[in-house]
Amino acid sequence: MYSVIPSLQKWFWFKLLCTLYQVGRDPRFESLCGKLDVEGFKKRYDFIHKNELPAEKEALKKKMKEENDPEVINELKDRMAQIGRELKSAVTKHTDKEIIAEHKKKEREAAKKGKRPYYLKKSDIRKQKLIQKYEELKGTGKLESFLDKKRRKNAAKDHRYMPYRRPAEQ
């Protein structure tokens, strides 16, 4: 028996071990491939939220009208709901970013004049979004119906927590 392994056998074991311990890398998440440019990414793939998802939603609606199988219809409804949630979240994220960008712009101007910066809290962002929503509703003329719905909702909530009768005095 020889103590020296033939070179072909060495090569075979080397290749086998290399393939077993090889680490796959995804360039999207690897720091070696550079940093993620979030704004650039959003600009490049903005067409998905503007064109692709609404078009897919319309296609799913048409397909749902043609379909008879209830399981397939449920799957299509789930996908449509998922697309709707994604589009709605994209809009809310966009408004948040818009509010923050506007505030930063004002703060930069104030900093140039020598004032100390004020950093927005989440509650301030929420207030700004509410103000924006009211202005938008006022512009379209739907403010009254919105407020009426809100009043009815709050009244139902209050009614739910009201006791049925007064406790008997003893």
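The values are calculated or read from the model by the stated rules, or taken from the named source; none is laboratory data. These figures come from a predicted structure and were not determined experimentally. Because the Cβ atoms are built from the backbone with ideal geometry, glycine has one as well, and the counts that use them run over all protein chains shown.
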Query raised in the report: Looking at segment 104-123, which of the residues that are assigned to a helix (DSSP H, G or I) and closer than 21 Å to S89 by Cβ is farthest from the chain's Cα centre (by Cα)?
Result: S123
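Given the condition among the hydroxyl-bearing types (S, T, Y) and under 23 Å from E39 (Cβ atoms), answer yes or no: does some residue in segment 122-144 qualify? Before the answer, list the steps.
First, the residues of segment 122-144 that are among the hydroxyl-bearing types (S, T, Y): 123, 134, 140.
Checking which are under 23 Å from E39 (Cβ atoms) leaves us with none.
Checked against the condition, which is being among the hydroxyl-bearing types (S, T, Y) and under 23 Å from E39 (Cβ atoms), segment 122-144 yields no hits at all.
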Query - Boolean, K129 is part of a helix (DSSP H, G or I) and without any contact (Cβ under 8 Å) to a residue 40 or more places away in the chain - result: yes
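For every residue, the table says whether it meets (1) touching a residue at least 12 places away in the same chain (Cβ under 8 Å); (2) in the same structural domain as K93 (by TED's automatic domain parsing).
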position	(1), (2)
C18	no, no
Y21	no, no
L32	no, no
N51	no, yes
E56	yes, yes
A59	no, yes
K65	no, yes
D69	no, yes
Report task. Exactly one condition in (1) within 28 Å of K43 (Cα to Cα); (2) of a type in the set (K, R); (3) modelled with pLDDT under 90 is not met by K105; state its number. Result -> (3)
Query raised in the report: Does segment 74-84 contain any residue that is assigned to a helix (DSSP H, G or I), closer than 28 Å to Q128 by Cβ and within 15 Å of the chain's Cα centre (by Cα)?
Result: yes
Report task. Go through segment 16-51 and give me each residue that's exposed (fewer than 10 other Cβ atoms within 10 Å of the Cβ) and of a type in the set (D, E). Result -> D26, E30, E39
Query raised in the report: Mind checking which residues of segment 49-73 are in contact with a helix residue (DSSP H, G or I) (Cβ under 9 Å, 6 or more places away or on another chain) and part of a helix (DSSP H, G or I)?
Result: H49, L53, P54, E56, K57, L60, K61, K63, M64, V72, I73
